[in-house]
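What follows is calculated from the coordinates using simple rules that are stated; it is not laboratory data. Since this is a predicted model, take the numbers as computed values, not measurements. Cβ: placed from backbone, ideal geometry, glycine included. Neighbour counts: every protein chain shown.
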Amino acid sequence: MADYKEILNRATAEASDFINNPSRMDALLADLEAKMREIPVIGETVAELPVMVSLVKSWIKKEYQVSYKVLATMVGAFLYLVKKKDLIPDSIPVIGIADDVAVLGLALKFVEPDLKAYQEWKAGR
């Protein structure tokens, strides 16, 4: 589990570059949406990914505010999902996406209250 946390921390640090560059962020979100089409649905973790993407898009448009730490955690997880350097290569059936889901799950655990607040805000619009 410590390896996942280390990878998530590195990805979160790298996320700062994307957060501060809207064109890079748009490209990342496009890559992420393409990647989502390849991942089979695995419970609640993957189901929350579109909400995370929507929150980041709302932040980019300056429609919704969230802490930088929460934003960096989500973007860091997105980067891990999109990049080809995984602990377990995606080419290995079933378990190949296990590390992706684990990293996403860790990020989701951290940002869950913020996602719920975002969903309430969006529903009230």
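Some notes on this structure:
- Each peptide among 100-113, 49-62 gets the average number of other Cβ atoms lying within 10 Å of its residues, and from highest to lowest they stand as 100-113, 49-62.
- With all pairs of separate Cα atoms included, segment 2-123 yields a Kirkwood hydrodynamic radius of 14.4 Å.
- Neighbour-count order for 31, 99, fewest beta carbons within 10 angstrom listed first: 31, 99
- Label zone (residue 14, point 7 Å along Cα-to-C-beta; backbone nitrogen cut-off 18 Å) within segment 76-97: 76-91, 97.
- Of 35/57; 61/85; 5/122; 62/83; 5/85; 35/83, those spanning more than 20 Å from alpha-carbon to alpha-carbon: 61/85; 5/122; 62/83
- Fewest-first ordering of 3, 26 by other beta carbons within 10 Å of each residue's beta carbon gives 3, 26.
- Cα long-axis angle, helix 22-38 against the chain (0 to 90 degrees, to the nearest 10): 50
- Ordering 118, 68 from the fewest to the most neighbouring beta carbons within 10 Å gives 68, 118.
- Protection proxy ranking, peptides 13-23, 70-80, average beta carbon neighbours within 10 Å, highest first: 70-80, 13-23
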